[in-house]
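The values are calculated or read from the model by the stated rules, or taken from the named source; none is laboratory data. Everything numeric here is computed off the predicted structure, so don't read it as measured data. Cβ atoms come from the backbone with ideal geometry, glycine included; neighbour counts cover every protein chain shown.
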Amino acid sequence: MSQKAASDIDDDDEDGEVRPNRIWLWLMRVMLVGLGLFVGLFLPYVWYLDKQVRTEFAQLKTLDVELSRRRRRMYAGAALIGVLAAAVAIPVFALGQGSAGGTSAAANSVAVIDSGSNDVVASIPVGVISSEDVHANGGQLLVTYVNVDEDIDVNGVDLSARFLLSDVFSVGVSGSWVSDNRWQTESAGLVTLNAPTRKITATAGYDNEEGNGFNAELRLRYNNGFPVNSGVYIGTRCLGDASPLAEACVQSATLLDLNAGYRLPGVGRNTTLQLSVNNLLNDAYRPFPGTPTLRRMILARVKYDF
């Protein structure tokens, strides 16, 4: 026995006669086998003739030109036969997958089919098991993203400044602020920004590539916590959500990063060795629901300037 997905399979005639489409199926299979044998025998024979002709008449240039033309014609004919065989094979296998006799199987069902007779022995309807929390009736489509046809007001500010302490030392600071990161709507319920309302970055850098070749930067990053409601990624427990699918909100994090590099001298002046360490203090943090907890990440690279 073999299991196949079946839908709307016709019965055999009541008088036991074989259906015409099954006769056509076997006829096509026989034709396919014949074409396969023909191609399998024809190509070696063509190769043999070609080898004999080139061996016996290789010195006759005029004849060789004519033979080359004939060889091209034979190869083109063999390729055409192969294409025809493939064109016949596709509908044959398509018919073979869809043909069956005996008891018919209803649509949207899994059928058990006898591999010998192609008769449907039994069929089982298939469906979708849904949760009680999903309020759906009949053939409704459940989507994870919707357009909110309501006004949402949000304000924000971005600031950035950089100070040069000397020719090689500098410090910088940047920050952003938004007024809110969640809204309650009538059409879509809770809508979240999925981003923090406050972000601050402070840097201290050293750049002397033209001198001793060294450069380095120390960066301090801070993000406050925020809720997330994006498709299957739900982190809203900090809002009092106790549903089984809800996870913890993204927690605030303060991370320290270090970047350092060295530009090779002399003939290797165009080559720079770079080392980047994110989360230098190896603090555990989770940047988004559904993602693993991250720690220190070290990246080394070699850069060559053309």
Yes/no for GLU209 being at pLDDT 95 or above, charged (D, E, K, R) and surrounded by 14 or more Cβ atoms within 10 Å (Cβ to Cβ): no
The range 166-183 residues that are without any contact (Cβ under 8 Å) to a residue 24 or more places away in the chain, paired with ones that are not in a strand (DSSP E or B) (beta carbon under 8 Å, 6 or more apart): TRP177/THR197
Restricting to the range 170-199, give me the number of residues that are at pLDDT 90 or above and surrounded by fewer than 16 Cβ atoms within 10 Å (Cβ to Cβ). 9
So which residues in the range 243-287 are loosely packed, with under 14 Cβ neighbours inside 10 Å and hydrophobic (A, V, I, L, M, F, W, C), if there are any at all? LEU245, VAL267, LEU281, ALA284
Would you confirm whether any residue within the range 217-239 is over 23 Å from ASN282 (Cα atoms), in contact with a Leu (Cβ under 6 Å, 6 or more places away or on another chain) and not in a strand (DSSP E or B)? yes
